[in-house]
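Have a look at the structure below before the remarks.
The values are calculated or read from the model by the stated rules, or taken from the named source; none is laboratory data. Since this is a predicted model, take the numbers as computed values, not measurements. Counting neighbours? That spans all protein chains shown, and the Cβs are built from the backbone with ideal geometry, glycine included. Each accessible area value is taken on the protein alone, full model and side chains, heavy atoms only, with ligands, DNA and RNA left out. Shrake-Rupley method; radii C 1.70, N 1.55, O 1.52, S 1.80 Å.
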Amino acid sequence: MLTNDKDLLIAVNPTRGLDVGAIEYVHRYIVEQRNKGKAVLLVSFELDEIMSLSDRIDVIFEGKIVHSIPGHEANEKTLGLMMAGGGEGNVR
């Protein structure tokens, strides 16, 4: 677990290999940090995790951010199209 109080939390596949109870704990912790005003960068292969925790989702394709969408507007179909280089979204 984290021992320093920093302004940025970077979480890369934070729940990989964890049981359901541990996943819920990690998700609560991430949301708690966000609610405290911390910046949270979540990188995950789990689309459900990204969609449930993210305020904004940026999609990277061929090494560049190609789409940016508010988390509440995201769904698997739209994100899948964006990850394949298509779909709609605002490029930053």
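Numbers at a glance
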| read-out | value |
| --- | --- |
| Qualifying positions in region 28-42 - open to solvent by 40 Å² or more (accessible area, probe 1.4 Å) and either closer than 23 Å to residue 68 by Cα or within 15 Å of the chain's Cα centre (by Cα) (or both) | 28, 29, 31, 32, 34, 35, 37, 39, 40, 41 |
| Selected residue (criterion: nearest to the chain's Cα centre (by Cα)) from residues of region 43-58 that are open to solvent by 50 Å² or more (accessible area, probe 1.4 Å) and under 22 Å from residue 7 (Cβ atoms) | 43 |
| Hits in region 14-27 - residues which are among the acidic types (Asp, Glu) and loosely packed, with under 11 Cβ neighbours inside 10 Å | 19 |
| Elements of type strands (runs of 3 or more DSSP E) in region 26-86, at least 1 residues being hydroxyl-bearing (Ser, Thr, Tyr) | 64-70 |
| Unmet criterion (only one of (1) surrounded by fewer than 15 Cβ atoms within 10 Å (Cβ to Cβ); (2) farther than 24 Å from residue 5 by Cα; (3) at pLDDT 90 or above; (4) in contact with a helix residue (DSSP H, G or I) (Cβ under 7 Å, 6 or more places away or on another chain)) for residue 61 | (3) |
